[in-house]
């Protein structure tokens with residue numbers, strides 16, 4: 001009788017189609033790969049620890065407030081005017097890259113105050129890019145749940161090199177955010193603010209702090225600010241593509257099969 005209580009096998013060996021497995025493999029590399037702080041440190045020729053020390057002691061509270069305000073602005077504007085208003089996906093993508101580069105130049109030239117001032121602009125442009133990718137992957141942007149998934153990208157891309165892998169893995173983060181989504185959805189996207197948006201801001205604040213630290217370095221300047229902003233954009237665009245690819249594969253092949261394949265890919269030896 002006790003045999004019936006034994007854990008079930010991991011999953012029947014029903015493999016995903018080759019193309020789907022390749023897409024999932026690419027998503028795993030992005031979602032579980034090098035964190036943005038490491039990339040930014042490399043970009044400005046320093047270390048993660050050096051970036052941490054570069055910000056003044058009181059800067060983190062300023063950043064936390066700025067991140068929350070930036071997310072509110074982005075939420076109210078980016079998802080209200082969908083990416084379908086752009087004539088083509090390519091033109092919209094390059095438009096946003098250009099605007100982000102300009103805001104990065106302004107932030108880099110003006111130091112920390114400038115980077116905090118341009119944060120709502122860059123966050124709004126970034127959320128529009130995320131929404132465009134979601135639409136390309138078959139998501140309905142009029143659905144509040146999908147809008148929540150767009151916001152989740154800010155948290156999923158906010159991995160810290162010091163995070164516990166068991167708590168910061170892709171599916172662990174999705175699970176952690178699930179309850180906040182349940183409490184917010186049904187009341188409309190405007191009601192995400194207290195719980196769900198707060199959880200997003202807590203994670204998003206990590207890469208934002210490193211971004212601001214990199215841009216505020218005296219040696220960076222306007223040109224460096226552009227490079228940092230574009231690296232920030234490409235990181236979150238990659239996370240968005242990976243996240244919505246996983247969701248598309250889940251719709252097509254079932255969440256359990258995709259989750260099992262994801263974990264196998266995640267645990268494989270590297271190199």
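Give me 204, 171 sorted ascending by neighbouring Cβ count inside 10 Å, so fewest comes first.
On the way: 204 24, 171 14.
By the 10 Å Cβ count, ascending: 171, 204.
Which of rounded, prolate, oblate describes the stretch 232-271, given a ≥ b ≥ c as roots of the alpha-carbon gyration tensor eigenvalues and a/c under 1.5 marking rounded, otherwise prolate only if a/b is larger than b/c?
Numbers: a/c = 4.07, a/b = 1.19, b/c = 3.41.
Note, shape of the stretch 232-271 comes out oblate.
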Q) Using mean Cβ contacts within 10 Å as the protection proxy, how do 230-242, 18-30 order, highest first? A) 230-242, 18-30
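Each value in this text was obtained by applying a stated rule to the coordinates, not by laboratory testing. In this text, all values refer to a predicted model and were calculated from it rather than measured experimentally. All Cβ positions, glycine included, derive from the backbone under ideal geometry; neighbour counts span all protein chains shown.
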